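One structure is given below, encoded as C-alpha cells.
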Amino acid sequence: MHQMTLAEIARGLADKKFSSEELTKVLLARITQLDPQLNSFISLTEDLAIEQAKAADARRANGESGALLGAPIAHKDLFCTLGIRTSCGSKMLDNFKAPYDATVVAKLAAAGAVTLGKTNMDEFAMGSANESSWYGAVKNPWNLEHVPGGSSGGSAAAVAARLLPAATATDTGGSIRQPAAFTNLTGLKPTYGRVSRWGMIAYASSLDQGGPLARTAEDCAILLQGMAGFDPNDSTSIDEPVPDYSASLGDSLQGLRIGVPKEYFSAGLDPRIAELIQNSIQQLQKLGAVIKEISLPNMQHAIPAYYVIAPAEASSNLSRFDGVRFGHRCENPENLIDLYKRSRGEGFGAEVQRRIMVGAYALSAGYYDAYYLKAQKIRRLVKNDFMAAFTEVDIILGPTTPNPAWKLGAKNSDPVAAYLEDVYTITANLAGLPGLSMPAGFVDGLPVGVQLLAPYFQEGRLLNVAHQYQLNTDWHTRTPTGF
C-alpha cells in the first residue's frame, strides 16, 4: 500500500480495494517504525487520522467521490491546525496549539484528506537543509548522512521514504523545489496569491507561498486542486478561477517553446548536473518542444536582494513573539525588557536570530534606502527579465540546484555557502512566478532535479510538461534503499 501514489490511492478507494481506515493504519504503523531514522515528523495525529479516515469511508459509502477523499497526507508544521501543536520547528512555539485551522488545512479536510501529522522543518522556515529545527535535523532517505533540503525537508523526506503519498509544504526562496530535487520528488511553488497564506505562520510575507510535494506531477495536480483558490481572509490572495489541473496533463508538448537561460550554466553548476539537464532538454525535444537560449541578466543580483528583503520581512513578522501573548516565555523576568530579551534569546535558534538581526539592520534609520529600497528595485529588474523572456518562450527550464544534497553539518559554519545553493530558485519568489522541480537523474547516488518556470497562473502548463516528461522517463519511480 505504501508504494501507491495519490492517483492510485484514489482509484483503489473508488474501486473499494481497501478502505481509507485500512490505508491510514498501515501508514501510521510505517511512520512509527521508520521515521526514527529520518526525524521527518514533529507530531503524529493518530486519533485525528483514524477519525478522519472513518469519516471519509462513510462519505464514500454514501456515494461521495473525490481524488482526495480518504487520501492520507501530512502538513508542514507551520500550517495552523486546530488543537494540535503548530511549532514552526522552534522552541518558541513548542507549546503552541493553534486555535483554528489554516485555510489550506481546512480546504483539504473538507475535501476528505486524512491528516497523519505535522512534518519537521527549518525553524520558522529559515534554512536550506532542515538542520535549524529545534527538534533536530531531518535526514535524507537516499543517504542518511546527507540533508534532505529545506525548509520543507520533513515533508520531502517523509514522501520520498514512502511514509505517505504527499504533503503540504511552503516555498519562500525554493523551500519546496530544492527539497524535491534533493529527494527525487516533484514539488510545485504556485503563483504568489494562488494558495491562501491565512493560518500559515509567516517568514517573509511577500515571498511565502504554500504548495504540494509528491512523487509525480499527477499527484501534485490533485493536491494543488484541493489547496488553491481565493480566500477573503488573506489580503494577498488573488481572485482568479482555479482550472482543473488534472484535465490538461495529457496535452501535447508539440511546439512548446522552452527557454534555457545561459546564466544557469555558469562555473557554479556541477557539470554532472548540467549533463542531466541537457538530457532532460533532449527528452522534451523528442516530445515536440522547441528549445531557445535566453538571458536573465539580473539573476546574479537575486541572492543579495533576497537576503535583504526576506530577513527584513522576517524581523517584522517575528516581532510578535515576545513572551507576552503566546509561545515561549522566560522564567522570572526582572522587567519587560528582560522578558523580551530572554524569551526571544531562549526561544529563537541561531539562524533565526541571525536573520532577524540582518533584517532589523537593513530597515534601520540610515540604511533603509541603501539596502531595502535598493533590493526592491533589483526585485523589479528580476521580474522585468522574466516578463521579457516570456514574450519569446512558454516556459523556462534549468537546474533546480547547483549541487546535489550535501552532508549533514557540511555548511553549518558557512551560512553564505548554504544561501548560494538557492541561486536558481530564489528568482521565482522575487517575481512571484510559479515554479516546479521534477526528478532528472542521480549524481553519486543522490537525486537531481530540473526546474520549470512559467508565467503567472500557468501551474497547469508546468504540471502538463512534468507529467509528459514522467510518462517517458522513470526517475520519479526510483525508491531509496531501505524504504
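The values are calculated or read from the model by the stated rules, or taken from the named source; none is laboratory data. Fair warning: this is a prediction, and the values are worked out from it, not measured in the lab. Here Cβ is always computed from backbone atoms with ideal geometry, including for glycine, and neighbour counts include all displayed protein chains. SASA here: full protein model, heavy atoms, side chains in, ligands and nucleic acids out. Shrake-Rupley method; radii C 1.70, N 1.55, O 1.52, S 1.80 Å.
A few comments on the model shown:
- Accessible surface of the chain, 1.4 Å probe, proportion on carbon and sulfur as whole %: 52 percent
- Here the extension length gained between Arg257 and Asp239 equals 3.7 nm, from 0.36 nm per residue of separation less the Cα-Cα distance.
- Shown for the chain are the DSSP H helices of 24 Å or more along their axis, judged by Cα atoms, with a mean Kyte-Doolittle hydropathy of at least -0.5: 20-38.
- The H on the amide N of Asp101, modeled in the peptide plane, is under 5 Å from the matching H of Leu82, each at least 5 residues off or on a different chain.
- Global geometry of the stretch 228-308, whether rounded, prolate or oblate, following the gyration tensor of its Cα atoms and the 1.5 cut on a/c: oblate
- Accessible surface for Val290 stands near 80 Å², nearest 10, in the context of the full protein assembly shown (1.4 Å probe).
- Rounded to 0.05, the FRET efficiency of the Val324 and Ala365 pair, given R0 = 22 Å and the Cβ-Cβ distance, is 0.30.
- Quotient of the Cα radius of gyration of the stretch 341-409 and 2.2 N^0.38 Å, N being its number of residues: 1.69.
- Karplus (6.51, -1.76, 1.60) ³J(HN,Hα), θ = phi - 60°, over the stretch 183-199, in Hz, Gly and Pro reported as x: 10, 6, 10, 9, x, 10, 9, x, 3, 4, x, 6, 10, 4, 9, 5, x
- Measuring with a 1.4 angstrom probe and ignoring ligands and nucleic acids, Trp198 comes out at about 90 Å² accessible.
- Prolate/oblate/rounded label for the stretch 139-266 (Cα gyration tensor, a/c 1.5): rounded
- Distance between the modelled labels on Ser65 and Gln285, one decimal in nanometres: 4.2 nm (7 Å Cα→Cβ projection).
- Ellipticity at 222 nm from helices only: DSSP H runs of n ≥ 4 in the chain, each -39500 (n - 2.57), divided by the residue count, give -11000 deg cm²/dmol.
- The stretch 336-483: C-alpha gyration tensor shape, a/c 1.5 cut-off, then a/b vs b/c: oblate
- Counting all C-alpha pairs of the chain, share separated by more than 38 Å (%): 18 percent
- Placing +1 on the Cβ of every Lys and Arg and -1 on the Cβ of every Asp and Glu, with nothing else charged, gives the chain a dipole about its Cα centre of roughly 120 debye.
- The distance from the alpha carbon centre of the stretch 313-358 to that of the stretch 409-483 is 34 Å, rounded to a whole number.
- DSSP beta bridges fully contained in the chain are about 70 percent antiparallel.
- Computed on the Cα atoms alone, the convex hull of the stretch 1-97 gives a volume of 105 cubic angstrom per residue.
- In this structure, the pairs whose alpha-carbon distance is over 21 Å, taken from Lys76/Lys189; Lys76/Lys411; Lys25/Lys118; Lys107/Lys383, are Lys76/Lys411; Lys107/Lys383.
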